[in-house]
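The values are calculated or read from the model by the stated rules, or taken from the named source; none is laboratory data. Only a predicted model underlies this, so the values are computations on that prediction, with no experimental measurement involved. So basically every Cβ, Gly included, is an ideal-geometry build from the backbone, and we count neighbours across all protein chains shown.
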Amino acid sequence: MWAEAAKWLGKFDEAVLTVLDTDGYPVSIRVDPRNYDVTTGRLPAPLTSTLHVVDGPANLLSHSHDEKLWHLNAIQIKGRLKSRDGGWEFQTTNFDAPSKLVFFQFLANARTAAQKYLDKRGLQRHRSIGLPSRRFNAVRARDDSNPMATFRALFRPGVTFAER
């Protein structure tokens, strides 16, 4: 039943399991995804008693990227942490294979989340204020050989954007 999750986990050398402690704070440990059982969706969790974890919601996350942080691959498997036979194990409850459109989904969700944040507080979204191009071109034409003079003319202290 969890073959798709196992297939995706097999692409990574390690995963991070996040669970909750007795105070409700997250606890994260690295686990070996090769120990994931494809038939049951279980993964042994080597959690020590000093971490004070409790049965409850859990999350398994794996990701990889190149040295320039491009070519990002990531998966998330939702589940529950359960005490079993004197140890702990992660039990999968949900897995959705990653979409190729994940970046665009991130952008759409970020905009929606930002608007909800503003609405909750009764705030308005500030629109970006650009420099009028006529002003910029006029200042640049004065001394095009000196970029710092252009910068200083555009960003004089005490001058508002409307005056530029």
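Remarks
- Breaking point among (1) within 24 Å of Thr22 (Cβ to Cβ); (2) of a type outside the set (Phe, Trp, Tyr); (3) not in a strand (DSSP E or B), for Arg111: (1)
- Residue match in segment 12-21 (condition: surrounded by fewer than 17 Cβ atoms within 10 Å (Cβ to Cβ), among the small types (Gly, Ala, Ser) and assigned by TED's automatic domain parsing to the domain that holds Phe90): no
- Subset of segment 25-46 (residues that are touching a Phe, Trp or Tyr at 6+ places or on another chain (Cβ under 9 Å) and not in a strand (DSSP E or B)): Pro33, Tyr36, Val38, Thr39, Thr40, Gly41, Pro46
- For segment 133-155, the condition of being modelled with pLDDT under 65 and among the β-branched types (Val, Ile, Thr) holds for at least one residue.
- On inspection, Ala58 fails the criterion of being exposed (fewer than 12 other Cβ atoms within 10 Å of the Cβ), in contact (Cβ under 8 Å) with a residue 24 or more places away in the chain and within 22 Å of Pro98 (Cβ to Cβ).
- Filtering segment 65-101 to residues that are touching a residue at least 24 places away in the same chain (Cβ under 8 Å) and outside any strand (DSSP E or B) leaves Ala97, Pro98.
- Flag if Arg30 is under 17 Å from Trp2 (Cα atoms), among the basic types (Lys, Arg) and exposed (fewer than 15 other Cβ atoms within 10 Å of the Cβ): no
- Selection over segment 1-32 of residues that are under 18 Å from the mean Cα position of the chain (by Cα) and among the small types (Gly, Ala, Ser) gives a count of 2.
- Pairs, first aromatic (Phe, Trp, Tyr) in segment 27-50, second modelled with pLDDT of 90 or more and part of a strand (DSSP E or B), C-beta under 6 Å, six or more apart: Tyr36/Leu43
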